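Reviewing the structure listed below.
The values are calculated or read from the model by the stated rules, or taken from the named source; none is laboratory data. Since the model is a prediction, treat every value here as computed from it, not as a measurement. Ideal geometry is used to build each Cβ from the backbone, glycine not excepted, and the neighbour counts take in all protein chains shown.
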Amino acid sequence: MELLRKPVTVVWAVLMLATVASTWWLSKDVVSPVVGTVAIMVIAGFKVRLVMWHFMELRDAPVAWRCVQGAWVFLVTAMIAGIYLA
């Protein structure tokens, strides 16, 4: 049970749940294709942020680097979603 208390394990579980949500639930006819596609892009951006934050250890980086990383993930996700919706 000690393994479940490690942040890396929790992050991995969240990444797996996000993958399941975007792969199986949103790819079905539960929502419209446009909503599903945009939601999958947002989930992918969230997953990128988690990987950069925890596995690339940006959580310990200076505040400026964390802000740049957060802005980059947000802007790239927004640009891709915007191009898709246009």
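Pairs needed: first member in the range 27-39, farther than 17 Å from residue 82 by Cβ; second member anywhere, in a helix (DSSP H, G or I); C-beta distance under 7 Å; at least 6 residues apart or different chains.
27/36
Among the residues of the range 51-86, what is the count of those that are surrounded by fewer than 16 Cβ atoms within 10 Å (Cβ to Cβ), under 11 Å from the mean Cα position of the chain (by Cα) and under 22 Å from residue 9 (Cβ atoms)?
1
Need the failing condition index for residue 71 against (1) of a type outside the set (Val, Ile, Thr); (2) modelled with pLDDT of 90 or more; (3) at positive phi, just the number.
Looking at each condition in turn, residue 71 falls short on (3).
If residue 9 satisfies every condition in (1) of a type in the set (S, T, N, Q); (2) in a helix (DSSP H, G or I); (3) surrounded by 13 or more Cβ atoms within 10 Å (Cβ to Cβ) but one, which is the exception?
All conditions are met except number (3).
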